[in-house]
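Data first, discussion second: the structure below is written as structure tokens.
The values are calculated or read from the model by the stated rules, or taken from the named source; none is laboratory data. Predicted model only: the values in this text are computed from it and were never measured. When we count neighbours, we look across all protein chains shown, and the Cβ atoms used for this are built from the backbone with ideal geometry, even at glycine. For accessibility, only protein heavy atoms count, side chains too; no ligands or nucleic acids. Shrake-Rupley method; radii C 1.70, N 1.55, O 1.52, S 1.80 Å.
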Amino acid sequence: MHAFRAAVESGDLDAVAGLLADDVVFTSPVAFKPYRGKAITAAIVRGVSRVFEDFTYVREIASPDGRDHVLVFTATVAGKQLQGADFLHVDEDGRIDEFTVMVRPLSAAQALAEAMGAQFEQIALEAG
């Protein structure tokens, strides 16, 4: 099991932040422009943890070299069930340097966008 998955499943968001490279690039399923940097990415993960209910990883796929991972999940946001995937790439030091999230269906993605929009003031404060 990837360390990121273990940290998320245990709710250890400090451990999640510790797995991120300083220059990580986070690509959101609902924002056009990627976010760059450990502080904002960790804050977004904390925000997501506040809006997702019943979050569960259901599958993990890894490349043979162990540098690419796909973690498939289910969750509920604002009463909408969604399916999603975290696409992770790790650098030479084992830190996550690319983190892309995709979700479906559209109605759940829209609910996620609204819920995360409501979180963004707190996210900005947490990111410093």
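Spacing of the modelled spin labels on residue 53 and residue 121, each 7 Å from Cα toward Cβ, amounts to 2.3 nm.
About the centre of its Cα atoms, the chain shows a dipole size close to 460 debye [charges on the beta carbon of Lys, Arg (+1) and Asp, Glu (-1) only; nearest 20 debye]. Net charge within 15 Å of residue 80 by Cβ-Cβ distance, Lys/Arg positive one each and Asp/Glu negative one each, not counting residue 80 itself? Summing Lys/Arg as +1 and Asp/Glu as -1 gives -2.
Where a ≥ b ≥ c are the square roots of the eigenvalues of the C-alpha gyration tensor, would you call the stretch 13-116 rounded, which needs a/c under 1.5, or, failing that, prolate if a/b is larger than b/c, or oblate? Walk me through the numbers before you get to the answer.
Working: a/c = 1.89, a/b = 1.43, b/c = 1.32.
Verdict is prolate for the stretch 13-116.
One Cα centroid belongs to the stretch 2-56, the other to the stretch 69-119; the line between them spans 9 Å. Dipole orientation for the chain: of the candidates 94, 70, 52, 52 has the Cα lying most toward the positive pole (charges on Cβ; Lys, Arg +1; Asp, Glu -1).
In the stretch 1-41, what percent of the accessible surface is made up of carbon and sulfur (1.4 Å probe, ligands and nucleic acids excluded)? Spell out each step's value before the answer.
Working: 1220 of 2240 Å².
Solvent-exposed carbon and sulfur of the stretch 1-41 make up 55 percent of the total.
Hey, what's the chain come to in accessible area per residue, 1.4 Å probe, Å²?
Numbers: 6990 Å² over 128 residues.
For the chain, the per-residue accessible area is 55 Å².
Please find the FRET efficiency linking residue 87 to residue 114, where r is the Cβ-Cβ separation and R0 is fixed at 30 Å, and quote it to the nearest 0.05. The partial results should precede the final answer.
Numbers: r = 23 Å, r/R0 = 0.77.
The calculated FRET efficiency here is 0.80.
Note on the chain: helix-only mean residue ellipticity at 222 nm, from DSSP H runs of 4+ residues weighted -39500 (n - 2.57) and normalised by residue number, equals -12500 deg cm²/dmol.
For residue 40, the accessible area of its heavy atoms, probed at 1.4 Å with every protein chain present, is near 30 square angstrom.
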